[in-house]
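Chemist: My structure is below; once you've seen it, I'll send some questions.
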Amino acid sequence: MPDGRNEILWTSVWLKSLMEGDATLDAMIGGAYLDLIPEEVNLPAVRYNVMGSHDVRGIGPLRVISMVDWLVLVVREGLDVAPLLPIADRLDFVLHEASGDVTGAWVGQCLRLNPFQTTERSESGVQYRHAGGIYRTMVQAK
């Protein structure tokens with residue numbers, strides 16, 4: 001395995017392509033964004049960010065695999081839960097037990113560890129509901 005690959009960034013590319021590559025999910029959202037949904041994007045949209053990660057090592061410095069935990073949420077304006085249900089369900093359908101690869105990494109598995117939901121209020125008073133889960137990806141650099 002080559003040294004110097006960033007499994008987190010390569011996995012973020014894989015996650016985005018997986019979510020936006022599913023025609024059903026893609027028709028329901030305004031895109032999938034790492035860390036922050038741009039202000040000009042129409043909601044609902046998906047936001048995903050790293051919750052934690054660790055390398056599993058073999059003998060010596062060799063990295064065998066990286067475990068990366070992601071918070072993946074669909075975000076919509078307003079507090080009503082019902083409009084989020086089909087999107088959150090499709091998001092889980094697309095992500096749970098998925099695997100695949102991109103140029104710099106092979107994702108052996110993506111599993112949901114826990115469901116997750118929260119609400120927030122912006123400084124302007126707009127309320128947002130978030131629904132999704134915490135997913136663990138098992139990644140090997142190419």
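Chemist: As I understand it, the dipole of the chain uses +1 on the Cβ of Lys and Arg and -1 on the Cβ of Asp and Glu, about the Cα centre. Which of L91, W70, S53 lies farthest toward its positive end?
Modeler: S53
Chemist: Stokes-Einstein D for the chain at 20 °C, 1.002 mPa s, Kirkwood Rh over Cα pairs, in µm²/s?
Modeler: Diffusion coefficient, whole number: 137 µm²/s.
Chemist: Rounded to the nearest 20 debye, what is the charge dipole size of the chain about its Cα centre when +1 sits on each Lys and Arg Cβ and -1 on each Asp and Glu Cβ?
Modeler: Dipole about the Cα centre, nearest 20: 400 debye.
Chemist: Can you tally the net charge around I134? Count Lys and Arg as +1, Asp and Glu as -1, for every other residue whose Cβ sits under 11 Å from the Cβ of I134.
Modeler: Neighbourhood net charge equals +1.
Every number here is computed from the coordinates shown, using simple stated rules; none is lab data. Since the model is a prediction, treat every value here as computed from it, not as a measurement. Positions of Cβ are backbone-derived with ideal geometry, glycine not excepted, and every protein chain shown enters the neighbour counts.
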